[in-house]
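Below is one structure; the comments refer to it alone.
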Amino acid sequence: MQIRTTARRVSIVAISIALAAAGASLAATSSGNKEKRPTQTNKFQGHVPAQNEQAQKAPRAASSGNDYAQNGRWFTPGSGAQLPASAFYENEWGAVQVLNTSGPVNTAGHPFFTPLGSNGRACVTCHQPADGMSISARTAKEIWDATGGKDPLFAPVDGSNCPSLPQDDPKSHSLLLEHGLFRVFLPWPPKAADGSRIEPEFTLEVVEDPTGCNRDPKYGLKSDNPMVSIYRRPKVVANFKYIEPHYAQYFNLKTGVPLAKDPETGARVSMNLMADARNLTLKTQAVEASVTHLQREGGLNEAQLTQILDFERQIYMAQGRHKQLGEFGVEGVPPGLGAAAMAREKYGLGNVMSKPVFLSFDSWRPKEGAATKDADAELRASIARGSDIFFVRPFWIRDTTGLNNIGLGNPLKRQCATCHNAQMTGHDVAPGWIDLGTQNLPTANPLPHLPLFKLTCRADAAPHAYLGRVIYTHDPGRALITGKCLEIGAINLQQMRGLAARAPYFSNGSAANLREVVDFYDRRFDIGYTEQEKQDLVNFLSVL
Amino acid sequence: MSKAFAGFALLGSLLASFAAAGDSNDIKTGKLPKPGERLNFVSCPIVRDTQMVPCWLAEYEGELYFLGIQLDLQSPFFPPQLKHDALVEGVVSDKPRICGGIVLEPVKVASLPELNPACNTILPAEGYKIENARRGTGPDPINLSATNQRKAREAEQYSPPYVPRTYTVYFDFDSDYMPSRSTRVVTEVMRYATAANAKKVVVTAHRGSALLSNGRKLIEQAKLPEIRAKKIHEALADLGVAPQTISSSWSGSAEPADGVDDFETRRVEIAVIP
């Protein structure tokens, strides 16, 4: 076959230079802080300098002290309380177990537990052991009630619907109190790692703005520092042995381009840490979190980062006890349950018959010829059936970008574990950003409390694979980082451990409880679960 | 048969052993294509809910054609997508019908990027079934994906003498997405180029076209070859091929289409010159 070539050499270097020249400065804003301390300011990347600018503008709480007394569950920043090597915290299904494999953690002065910023918060504020190293809406409500909303948890910057609202009014914090949501503010248009402007493939219009923040003159899209506000649940800080490694050697299956690299070491990363994969490493995540959530100027120093990462990499978490069936991790209990199993097992692909995602539940199946069936046996059998539904029961998975459009076909007749395929955690090793439909219309649950955006894709851009070029969404997800139409509404799958401790579910908190999670999938994919199947699944999810 | 079709032949021989029941349900037109005849058409794909895995079909001029079965990304056949038209380029075989469809083998199927909500048909099994597929609708039975990953990591090392080699990456029509079968090729280019300490790695992208059986001609968007070339260029550099050795070019004009293996026009060639 004849090759007709117009020889035009591509210079990647030239492209990079042009992009950099067109973009914004990489430099972070001046701290204005006269304290001399080692900083990471010069390592702020991509979206972080703009976030820093807004975070510094936002007011601090009227009372930024540590107002919430310890109740045996809540870790108050700076309290110095010890985090035991193993601890159980009660929840409605039993108790979640938190395991520190390095032994008890002395939190006094520990940067994860110390308010390092200007608003009284620490990492632990939103990553509480009792809540499976996330934080539940119920806990937020309890703290509001106990402190009159004065706890740093409710910091205006992102613990309220918008910093410009009256902060002493619980309505201004309704998304956190009712849905466990924090405000995430990102520059729009997006910024590349080098700070240059990414030209998005779509325009973004605010259709509904119930929090007022996207139209806010100081914090919104038309402010001096244009920011889009979306609202997300905090992810779990635990079990990173399973989250950090990358499964594919080189390529991201979803995008067909190489997996990103750690900007510091050059090593490839899983791209699975955050809902939108905007931070590639625990380190850059911690730096951004210190800027946005803690309103700290200048980032974190190396010693602080080392201590934070060391802590994060040794902590394991899973539901550890069932209120009716007792403790996990003992003889006769399925081997994948409990935090010790998380510490013991290895990272890998779990959508394989030889080693199911959450290992075998055979020990809880009814024994053949068993004389009597008691309530415990019935419950154990239900959980085992739930694990089967998760692992082997097929249904038509359809219209899901990041799955159906990567060569598997639309629809694909498979099971939950097709996407929830990572050993022990049930996230997606791929990495896992897909548009499940939780954010985009018409499949999202009714979410009148969240902003609604209309995104219109350019005619020459590849459209969203199943929604085309005009998309209404509550959160564009990964597309807010890449500007790609195809990725609108795509959110990374999260790990499934300790679910009982940290309702509500999905990144936008749109499922108030485990039953609503199951109901969403049932509707979304027209699965037709029976009532028994739904209950089995809920029972199964409750023990993870 | 072109090299690229070799994998499909293997699949075809496997499928030949599958049960084909209920031929009475076939769509009849009275004018059946002859074995060996090439059929190139754009139409809605159809999926049939067969046991043990679904099978994929397409209808053209009132006749139903079998394209392949759902497996996984290790399979040479990547199923098309409802809500999108499929570009089907295949050869009519003389094998027994599968899932009620005349078997196209070899066949190349590409999803077209624009939406077509009318493509939305899931047929019931109607007595058809697939047997002995490597994988059903559940978990991987033999840890195939994991095995492949391990093999990729333990891939055989190249050794001298190093000779010039050319690799080809095929794309779906009007698409710049590289699925796993394509990224495997790019990975192999990297492995050979770095082993051979290649002096040059030359990326050449083409703009494809397709001649359909009804005489209609499809031509890819003009921008695609450039996007494809840059994507592969950047991927190779990212994977560790010395950036100064990589050069790229792309064709502005469409490759001629003659209705025979036109999918080969939608390609990027990568020459590794030690």
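The values are calculated or read from the model by the stated rules, or taken from the named source; none is laboratory data. Predicted, not measured: the structure shown is a model, and the values here were computed from it. In this analysis, Cβ positions are derived from the backbone assuming ideal geometry, glycine residues included, and neighbour counts consider all displayed protein chains. The accessibility values were calculated without ligands, DNA or RNA, using every heavy atom of the protein model including side chains. Shrake-Rupley method; radii C 1.70, N 1.55, O 1.52, S 1.80 Å.
For the stretch A:296-389, build the convex hull from the C-alpha positions and give me its volume per residue in Å³.
Values: hull volume 14.9 nm³, N = 94.
Convex hull of Cα atoms, per residue: 158 Å³.
Could you compute how much accessible area chains B and A hide from each other, both sides summed, with a 1.4 Å probe? Nearest 100 Å² is fine. Don't skip to the end; give the middle numbers.
Numbers: alone 13460 and 22410 Å², together 30920 Å².
Between B and A, the summed buried area is about 4900 Å².
Give, rounded to the nearest 20 debye, the magnitude of the charge dipole that the protein assembly as shown has about its Cα centre when Lys and Arg contribute +1 at Cβ and Asp and Glu contribute -1 at Cβ. Mind dumping the intermediate values first?
Numbers: 88 positive and 84 negative charges, 326 e Å.
The dipole magnitude comes to about 1560 debye.
Gap in Å between the Cα centre of the stretch A:523-544 and the Cα centre of the stretch B:155-199?
44
So, in nm, how far is label A:LYS367 from label B:ASN214 when the simple model puts each one 7 Å beyond its Cα toward the Cβ?
6.7
So what's the stretch B:126-245 giving for Rg/Rh, alpha carbon basis, Kirkwood Rh from the mean inverse pair distance? Display every interim value, and only then the final one.
Working: Rg = 18.9 Å, Rh = 17.5 Å.
Across the stretch B:126-245, the Cα-based Rg/Rh ratio is 1.08.
If the stretch A:431-544 were replaced by its equivalent ellipsoid, with semi-axes equal to the square roots of 5 times the Cα gyration tensor eigenvalues, what would those be, largest first, whole Å?
Numbers: eigenvalues 160, 41, 32 Å².
Computed over the stretch A:431-544, the values are 28, 14, 13 Å.
Inside 10 Å of the C-beta atoms of B:241-250, what's the mean count of C-beta atoms belonging to other chains? Write down the numbers at each step before the final one.
Values: counts 0, 0, 3, 1, 0, 3, 4, 6, 7, 5.
Going residue by residue through B:241-250 and averaging, the value is 3.
In nm, give the distance between the simple-model label positions of B:THR166 and B:ALA222, each being 7 Å from the Cα along the Cα-to-Cβ direction.
In this crude spin-label approximation the distance works out to 2.7 nm.
Please check: in the Gaussian network model of chain B (C-alpha springs, under 10 Å), which one of B:GLY101, B:GLY127, B:GLY68 has the largest mean-square fluctuation.
It is B:GLY127.
Carbon and sulfur: what percent of the stretch A:294-362's accessible surface (1.4 Å probe)?
Details: 1320 of 2600 Å².
Reported share for carbon and sulfur atoms: 51 percent.
Can you give me the distance in nm between label points at B:ASN120 and A:SER360, each placed 7 Å from the Cα along the Cα-to-Cβ direction?
Roughly 4.5 nm, to one decimal.
Highest mean first, what order results for A:52-61, A:139-148 on Cβ atoms within 10 Å? Spell out each step's value before the answer.
Details: A:52-61: 20.6, A:139-148: 17.7.
Going from most to least packed, we get A:52-61, A:139-148.
Restricting the calculation to Cα positions, tell me the Rg (one decimal) and the Dmax (whole number) of the stretch A:155-271 in Å.
Taking only Cα atoms of the stretch A:155-271, I get Rg and Dmax of 17.7, 50 Å.
When only alpha-carbon atoms are used, what values of Rg and Dmax, in angstrom, describe the protein assembly as shown?
Cα-based Rg and Dmax for the protein assembly as shown come out at 27.5, 88 Å.
As I understand it, the dipole of chain B uses +1 on the Cβ of Lys and Arg and -1 on the Cβ of Asp and Glu, about the Cα centre. Which of B:ASN40, B:PRO225, B:GLN244 lies farthest toward its positive end?
B:GLN244
So, counting K/R as plus one and D/E as minus one, what does the shell of residues with Cβ under 10 Å around A:ARG458 add up to?
Details: positive: A:ARG469; negative: A:GLU199, A:GLU201, A:ASP460.
Cβ neighbours under 10 Å give a net charge of -2.
Taking all pairs of different Cα atoms in the stretch A:78-230, averaging 1/r and flipping that mean, what Kirkwood radius in angstroms comes out?
Final number for the Kirkwood radius of the stretch A:78-230 is 17.6 Å.
When the scattering of the stretch A:358-419 is computed by the Debye formula from its Cα atoms alone, each counted once and equally, what is log10 I(q)/I(0) at q = 0.13, 0.14, 0.24, 0.29 Å⁻¹?
The calculated log intensity ratios at q = 0.13, 0.14, 0.24, 0.29 Å⁻¹ are -0.49, -0.53, -0.92, -1.13.
How large is the helix-only mean residue ellipticity at 222 nm for the protein assembly as shown, computed as the sum of -39500 (n - 2.57) over DSSP H runs with n ≥ 4, divided by its residue count, in deg cm²/dmol to the nearest 500?
Working: 19 runs with 181 residues, N = 818.
Rounded to the nearest 500, it is -6500 deg cm²/dmol.
Which whole-angstrom value gives the distance between the alpha carbon centres of the stretch A:253-285 and the stretch B:217-274?
What the calculation gives is 27 Å, centre to centre.
At a 4.7 angstrom Cβ threshold, list every cysteine in chain A that has nobody to pair with, or say none.
Unpaired cysteines in chain A: A:CYS123, A:CYS126, A:CYS416, A:CYS419.
Please compute, for peptide A:399-412, the average count of beta-carbon atoms on other protein chains lying within 10 Å of each residue's beta-carbon. Display every interim value, and only then the final one.
Working: counts 3, 0, 0, 0, 0, 6, 8, 5, 14, 9, 16, 10, 9, 7.
Taking the mean over all residues of the peptide, I get 6.
Only protein chains counted, 1.4 angstrom probe. Which residues of the stretch A:345-387 are at least 10 Å² less accessible in the assembly than when their chain is isolated?
A:LEU349, A:ASN351, A:VAL352, A:MET353, A:SER354
Give the accessible surface of the stretch A:417-513 per residue, rounded to a whole number of Å², with probe radius 1.4 Å and ligands, DNA and RNA excluded. Don't jump to the answer; show the numbers that get you there.
Numbers: 2200 Å² over 97 residues.
The answer is 23 Å² per residue.
Between the stretch A:307-356 and the stretch A:136-185, what's the alpha-carbon centroid distance in Å?
Answer, in whole Å: 32.
What is the average number of partner chain Cβ atoms found within 10 Å of a Cβ in B:77-84?
Numbers: counts 2, 4, 7, 2, 12, 8, 10, 5.
Other-chain Cβ atoms within 10 Å of each residue's Cβ, averaged: 6.
Report Rg(Cα)/(2.2 N^0.38 Å) for the stretch A:203-355, keeping two decimals. Mind dumping the intermediate values first?
On the way: Rg = 19.9 Å, N = 153, 2.2 N^0.38 = 14.9 Å.
After normalising by residue count via 2.2 N^0.38 Å, the value is 1.34.
Rounded to the nearest 20 debye, what is the charge dipole size of the stretch A:52-164 about its Cα centre when +1 sits on each Lys and Arg Cβ and -1 on each Asp and Glu Cβ? Each step should come with its number before you reach the end.
Details: 7 positive and 9 negative charges, 44 e Å.
My answer is approximately 220 debye.
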